[in-house]
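The numbers here are math on the coordinates, done by the rules we state, and not lab data. Everything numeric in this text was worked out from a predicted model, so none of it was measured. Positions of Cβ are backbone-derived with ideal geometry, glycine not excepted, and every protein chain shown enters the neighbour counts.
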Amino acid sequence: MSIEPSIAAENRRAPWYRRLPVVSHFNKSVGLQRGMLVAGLVLTAVFLLTAIFAPLIAPYGFSQISAADGSFPAQEAPGGKHLMGTTVGGYDVFSRVVWGAQTAVLVIVVAVLMSIFIGVALGLVSGYIGGWLDRILVVIADAVYAFPSLLVAIVMAIVISGGRSSLWGGILAAAISITVVFIPQYFRVIRAETIRLKAEPFVESAKVVGASNIRIMSRHIFKNATRTLPLIFTLNASEAILTLAGLGFLGFGIEPTSAAEWGFDLNKALADTTSGIWWTGVFPGLAIVLTVLGLTLVGESINDLNDPRLRGRRAASAGKGGPDSTTAAQAAIAAEVSSS
């Protein structure tokens with residue numbers, strides 16, 4: 001019974017950077033689980049670095065159709081000056097794919113941060129105060145959760161910009177629709193954790209010494225109730241990319257002269273497939289698939305490693321023949337103790 005506190009004390013003595021969400025999960029992973037996490041991290045890192053250094057990586061602008069030596073040829077095969085070929089409009093496919101990563105990151109940041117801010121605030125208030133306010137917010141969250149995110153995105157795109165968007169018009173259309181649909185997810189998680197935590201002794205002690213409700217929620221409950229947010233963030237980030245791509249594919253995306261967007265490029269590549277021109281659709285499609293795959297692998301790995309029973313079994317199996325078998329066995333026993 002004394003093993004679990006000793007493991008917790010050891011974790012508290014670890015350096016701050018080893019307690020960060022992704023780093024701590026990497027240290028706990030073994031075998032295939034670590035391979036999945038590493039693969040997801042590599043794909044996600046490539047996506048983020050491409051977005052950050054897009055002006056340095058892309059040889060041309062996202063809407064550039066000519067250079068000093070003349071206009072770009074339309075539908076040119078990959079090779080030479082155009083590594084991934086050109087589109088029917090004369091855009092360089094490689095440049096469009098690289099700049100499209102930057103657009104995707106902007107949508108993720110705006111949408112997910114808005115969802116976290118609103119969902120966490122509502123979840124804390126609803127779970128801590130309870131009563132009629134809690135019942136009303138739960139009903140509203142269940143009703144909003146029933147709407148498909150892509151349908152809401154189409155409506156928002158039409159309302160904001162008439163269906164054809166500038167850069168920030170398209171970003172806001174996708175971000176607002178994702179925010180509306182994702183708020184119930186954060187709300188449910190934070191509300192459940194808040195209801196559990198407000199019955200803990202440290203919250204009761206704070207009430208006894210006269211702490212206000214706002215101080216208790218912000219100082220005592222918030223930190224403990226938001227530990228699962230990295231998992232939800234990674235899964236919602238991949239959903240945000242798919243929603244943005246769906247908007248562009250259906251013709252409600254961002255104008256090509258305002259920003260590069262993978263879904264729009266896929267829409268324009270439909271007519272090329274029957275002519276054997278594969279490169280205009282394959283490369284934007286691969287960018288979507290690999291980015292979503294990377295974010296999903298990270299999210300699912302974090303989800304598995306948050307389960308102490310799965311983590312204990314993996315640690316025990318990995319430690320049978322290694323020097324860390326004692327620590328692995330302690331982790332397995334601690335998992336069994338906590339589950340019982």
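Along the axis of the charge dipole computed for the stretch 168-252 (Cβ charges of +1 for Lys and Arg, -1 for Asp and Glu, origin at the Cα centre), the listed residues Val203, Thr228, Leu242 are led at the positive end by Val203. Considered as an equivalent ellipsoid built on the Cα gyration tensor, the stretch 105-208 has semi-axes of 33, 14, 9 Å, the largest given first. Spin-label model, Glu200/Val155: points 7 Å from Cα along the beta carbon direction are separated by 3.8 nm.
Would you tally the net charge around Phe187, using a Cβ to Cβ cut-off of less than 14 Å, leaving Phe187 out, and scoring K and R as +1, D and E as -1? Please list the in-between numbers first.
Numbers: positive: Arg135, Arg188, Arg191; negative: Asp134, Asp142, Glu193.
Within the 14 Å Cβ shell, the charges total 0.
Our coupling estimate for the stretch 128-139, obtained by passing each phi through the Karplus curve with A = 6.51, B = -1.76, C = 1.60 and θ = phi - 60°, is 7, 7, x, x, 5, 4, 5, 5, 5, 5, 5, 5 Hz, Gly and Pro reported as x. Taken along the Cα-to-beta-carbon direction at a fixed 7 Å, the label points for Ile118 and Asp304 span 3.4 nm. Our estimate of slack between Ala146 and Leu133, defined as 0.36 nm per intervening residue step minus the Cα-Cα distance, is 2.6 nm. The label point for Ser275 and the one for Leu56, both projected 7 Å from the Cα toward the Cβ, are 3.7 nm apart. All C-alpha to C-alpha distances of the stretch 3-306, sorted into 10 Å bins beginning at zero, yield P(r) values of 6, 22, 27, 22, 13, 6, 2, 0 percent in whole numbers. Based on other C-beta atoms within 10 Å, arrange Met114, Met156 from fewest to most. Final ranking by Cβ density, sparse to dense: Met114, Met156.
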